[in-house]
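Just so it is clear, none of the values below were taken in a lab; they were calculated from the coordinates. This structure is a prediction, so every number in the text was calculated from the model and none was measured. Virtual Cβ from ideal backbone geometry, glycine too; neighbours counted across all protein chains shown.
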Amino acid sequence: MQSGILRPETVRLAVEGGRLSYEAQNRAAIDAYWADCKAANPRLWNGPFFMFEEVSVGGSVFSGRGRRTDFATFLHWRDHGRPPEAVHVTGTSLPVTADGALFAVRMAAHTANAGAVYFPAGSFDAEDIVDGSFDVTRNIAREMGEETGLVFDENMAEGAYTVVADRGAFHVARRSGLPGDFDACLDLMRRHQARTGDDELETAIAVRAGGEGADLLKPYARLLADWHFENAAFSCSG
C-alpha cells in the first residue's frame, strides 16, 4: 500500500461478526507478546478493539468490514510488520484553530504511543456503531472531546472526508474549525485534564504553515498537515 491522500465521496465501514482472521492465526503469539508489553509497561490495558478486513478504496467509495478483537491483537500486528491480513482504520480530527494552526497532541510516556505527535484520534469502539456501521464523525467527536475537552462543531466542519493511507492503516479525517486561538485551546485542554484526571496527553503542539511543528508529526499526520496547508480554504458543512 502506498502512502497518500484520498478524498472519497462516501465512507462505508460495516460491522462484521466473527473472529478476525489475523487473531485466529496468531493468538498464542499475541498473548505472549502482550505479556512482554505489559511487563514493560504495566499501565497498558487490553481493551476491546476493532480491526478491518476487505478494505477497498476503489472509485469514490472507501469501504471496509470491521471485526471485534482486542488491543493486544492490534499491538502485535503493529509491531510485527503490519501484515496485510488485517488493516487498521481509525478516525482522526484535523482541528484548525482561529489563528490558523493545526492543533496536534503529544502522547504521554506511559501510553502505547509514547512521545508520538498527531491529531486527536482514536480507534473505533462500540459507542461509534450506528445501525450496523461505524459512524466516523461520532468517533472523531468523541475522541477529541475525551482527550482534549475540545468540541467538534458540525457547523464549523468540512463535510468531506480526507483519508490518509500509510503503512497498512487508513486514517479517516474531517477538518473542523475551533473558536479560539491555539493558546486558548491549549488552556481549555489543560483545564479538561485537571478536571477529569486524564493524563493520556503530555501537551499540545501548534502546527503552522511554513513548517512549525510539522517535523514532530507521525508520517500520516504530516501528510494530513501538508495537504491541509496546500488546501487551507474549506467550506463548513453547517
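Name the chymotrypsin sites (Phe, Trp or Tyr not before Pro) in segment 39-82 that are in a loop by DSSP and that have at most 16 other C-beta atoms within 10 Å, would you?
On the way: sites: W45, F49, F50, F52, F62, F71, F74, W77; in loops: W45.
For chymotrypsin sites (Phe, Trp or Tyr not before Pro) across segment 39-82 that sit outside H, G, I, E and B with at most 16 neighbouring Cβ atoms in 10 Å, the list reads W45.
If N is the number of residues in segment 102-187, what value comes out of its Cα radius of gyration divided by 2.2 N^0.38 Å?
Details: Rg = 13.5 Å, N = 86, 2.2 N^0.38 = 12.0 Å.
Against the empirical 2.2 N^0.38 Å value, I get 1.13 for segment 102-187.
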_Quick check: residue separation of A109 and R82 times 0.36 nm, minus the Cα distance between them. What number comes out in nm?_
7.4 nm
*Taking H placed 1.01 Å from N in the peptide plane, check which residues at least 5 places from M51 or on another chain put their amide H under 5 Å from its amide H.*
R67, T69
_Selection from G100, F134, T203 lying farthest towards where the dipole of the chain points positive, charges on Cβ_ = F134
*Interchain or long-range residues, amide H under 5 Å from L94's placed H*: R174, S176
*What full-extension length gain, to one decimal in nm, is calculated for C236 and V57 as 0.36 nm per residue of separation minus the Cα-Cα distance?*
62.0 nm
*Could you go through segment 85-95 in sequence order and give the Karplus-derived ³J(HN,Hα) for each residue, using 6.51 cos²θ - 1.76 cosθ + 1.60 with θ = phi - 60°, rounded to whole Hz, and x for Gly and Pro?*
5, 9, 10, 9, 10, 9, x, 9, 7, 9, x
*Which of Y118, Y33, Y220 moves most in a GNM of the chain, Cα contacts under 10 Å?*
Y33
*Hey, got the dipole for the chain? About the Cα centre, +1 on K and R Cβ, -1 on D and E Cβ, debye to the nearest 20?*
400 debye
*First check a/c for segment 154-196, with a ≥ b ≥ c the square roots of the eigenvalues of its C-alpha gyration tensor; if it is under 1.5, answer rounded, and if not, answer prolate when a/b is larger than b/c or oblate otherwise.*
oblate
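At 10 °C and 1.306 mPa s, what whole-number value in µm²/s does Stokes-Einstein give for the translational diffusion of the chain, with Rh from the Kirkwood sum over Cα pairs?
Working: Rh = 18.3 Å.
Translational D for this selection: 87 µm²/s.
Mind running the shape call on segment 36-158? Use the C-alpha gyration tensor, a ≥ b ≥ c as the square roots of the eigenvalues: rounded below 1.5 for a/c, prolate if a/b tops b/c, oblate otherwise.
Details: a/c = 1.79, a/b = 1.13, b/c = 1.58.
Oblate shape, in that a/c is at least 1.5 and b/c is the bigger or equal ratio.
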*Would you mind classifying segment 81-127 by shape? Square roots of the alpha carbon gyration tensor eigenvalues, ordered a ≥ b ≥ c; an a/c under 1.5 is rounded, otherwise it is prolate if a/b is larger than b/c and oblate if not.*
prolate
_Please report the spacing between the Cα centers of segment 85-146 and segment 192-227 in Å, no decimals._
12 Å
